[in-house]
Amino acid sequence: MIHLNLGSNLVSDFGSKSTNILIAVDLLSQKKLKIKKISNFYETPSYPNQKLPKFLNIGIYANYEYNYLKLLKEIHFIEKKLGRVRKKKNEPRIIDIDIIDFKGLVINTKKLTLPHPKSHLRNFVLYPIFQIDPNWTHPILKQNARFLINKLSQKSRIEITRLRKNVNIQT
């Protein structure tokens with residue numbers, strides 16, 4: 001199983017932040033990602049500059065029959081198709097799709113580090129994972145999502161909002 005996190009903090013030609021995420025989910029499913037569960041939307045301040053637009057994020061729990069490099073290639077294609085332009089780190093973006101965990105693999109290459117190197121520190125990653133896969137364990141730290149959420153700062157735990165809005169998928 002794999003975990004992805006999708007986020008947006010800009011509107012696009014396609015519509016709102018949530019629309020950007022919905023389109024990305026649809027495109028991922030067209031690329032043979034077999035989605036099992038999707039979290040609710042979560043809203044958080046932008047990091048590190050909280051004056052930038054807030055982010056919407058979701059987590060996806062899925063199967064994928066190909067390797068992580070093929071998935072990464074598909075992700076970059078989808079991000080580009082939706083209009084993401086990579087200029088500066090932490091800048092606002094139409095869509096951001098991160099591979100958080102790919103079948104428990106631990107790798108560190110120029111193209112990709114797995115598990116995602118900051119996943120255990122990010123509320124917008126941990127809360128969706130805990131919602132859709134409460135038994136997930138970080139491949140390196142060997143700790144579950146609940147434990148990692150409890151390690152977050154109080155500020156980080158209270159500045160995230162789980163929205164009632166969710167993504168409907170056809171399985």
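Bear in mind these aren't lab numbers, they're just calculated from the coordinates by the rules spelled out. All of these numbers come straight from a predicted model, not from anything done at the bench. Glycine also receives a Cβ, built like all others from the backbone with ideal geometry; neighbour counts cover every protein chain displayed.
Descriptive notes on the structure:
- Each Lys and Arg contributes +1 and each Asp and Glu -1, all at the Cβ; summed about the Cα centre of the chain, the dipole is approximately 320 debye.
- Relative contact order of the range 2-166, defined on C-alpha pairs under 8 angstrom at six or more residues apart (%): 30 percent
- Magnitude of the charge dipole for the range 1-67, about its Cα centre and with charges confined to Cβ atoms of Lys, Arg (+1) and Asp, Glu (-1), is about 140 debye.
- Farthest toward the positive end of the dipole of the chain, out of Leu141, Gly83, Ala24, is the Cα of Leu141, where the dipole comes from beta carbon charges about the Cα centre.
- Taking the empirical scaling 2.2 N^0.38 Å for compact globular proteins as reference, the range 2-166 has a Cα radius of gyration ratio of 0.97.
- Rounded to the nearest Hz, the phi-derived 3J(HN,Hα) couplings of the range 120-134 under the Karplus curve 6.51 cos²θ - 1.76 cosθ + 1.60 (θ = phi - 60°) are 6, 10, 10, 4, 6, 9, 5, 5, x, 4, 4, 5, 9, 8, x, where x marks glycine and proline.
- Under 15 Å, Cβ to Cβ, from Lys34 - net charge with Lys/Arg +1 and Asp/Glu -1: +2
- Each of Ser119, Ser153, Ser16, Ser46 has some number of other Cβ atoms within 10 Å of its Cβ, and from fewest to most they run Ser153, Ser16, Ser46, Ser119.
- Net charge of Cβ neighbours under 12 Å - reference Asn20; Lys, Arg +1; Asp, Glu -1: 0
- Annotation for the range 113-171 versus the range 8-26: alpha-carbon center distance of 21 Å.
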